[in-house]
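Some notes on the structure that comes next.
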Amino acid sequence: MRLHFIAIGGSAMHNLALALHHKGDIITGSDDVIFEPSKSRLAAKGLLPKEIGWYPSRITKEIDAVILGMHAKEDNPELLKAKELGIEIFSYPEFLFEQSKNKTRVVIGGSHGKTTITSMILHVMQYHNIQVDYMVGAQLEGFDRMVHLTDSNDFIVLEGDEYLSSPIDRRPKFHLYKPNIALLSGIAWDHINV
């Protein structure tokens, strides 16, 4: 697939871009600011945008889909051009669901401990040589990326957080993963702004 990331420099977004590039998809992206370590990691794979900023000319009919990050605004010129051309637009969690809809989805959610529990599961799977796709919210020792996607693995382990999906989709991310198996570590009155 040919995919364009609007706000490619984000922590989660750049990891998804790297995972899809590793999988063999053609990736382009843009952002108005990109910090380390995203900048170096994207540059190492040839995915760092040549120019910083939003350029509607980057959005063409050859693009199969756009992945929209939270850093972008609703009136982003590239987003508006994608809508004008009728290109399919996904939020980060919507795209992860699309990539995993035929897999068993294990979603780790709750107010506290999501990253820790997801990390523990991934380390156990790695120790036992069990291949799974995954998305976790922190860079883990022994793992190249925070996101790993394949066409062959039957399972995916997803850290399901409660933050908003995108500037045009205000649902919490974990609502979009549609888990086959859900683990909730706890429920607390937390992040009431979202």
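The values are calculated or read from the model by the stated rules, or taken from the named source; none is laboratory data. Predicted, not measured: the structure shown is a model, and the values here were computed from it. No Cβ is skipped: glycine too gets one built from the backbone with ideal geometry, and neighbour counts run over all protein chains shown.
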Hey, does the stretch 150-172 have a residue that's among the small types (Gly, Ala, Ser), surrounded by fewer than 20 Cβ atoms within 10 Å (Cβ to Cβ), under 23 Å from ARG41 (Cβ atoms) and out of contact with any helix residue (DSSP H, G or I) (no Cβ under 6 Å at 6 or more places or on another chain)? no
In the stretch 147-181, which residue that is outside any loop (DSSP other than H, G, I, E, B) and more than 18 Å from GLN99 (Cα to Cα) is modelled with the lowest pLDDT? LEU164
Meets criteria (among the aromatic types (Phe, Trp, Tyr) and under 20 Å from ASP161 (Cβ atoms)) for TYR127: no
Suppose we keep only residues that are surrounded by fewer than 20 Cβ atoms within 10 Å (Cβ to Cβ) and either within 13 Å of the chain's Cα centre (by Cα) or of a type in the set (Ser, Thr, Tyr) (or both) within the stretch 101-121. Which one would you say is nearest to GLY186 (Cα to Cα)? SER111
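Tell me yes or no: at least one residue of the stretch 182-194 is within 18 Å of ASP133 (Cβ to Cβ), in a loop (DSSP other than H, G, I, E, B) and in contact (Cβ under 8 Å) with a residue 24 or more places away in the chain. If you could, list the steps in order and put the result at the bottom.
Our first condition is that a residue be within 18 Å of ASP133 (Cβ to Cβ); within the stretch 182-194, this holds for 182-183.
Checking which are in a loop (DSSP other than H, G, I, E, B) leaves us with none.
Within the stretch 182-194, not a single residue is within 18 Å of ASP133 (Cβ to Cβ), in a loop (DSSP other than H, G, I, E, B) and in contact (Cβ under 8 Å) with a residue 24 or more places away in the chain.
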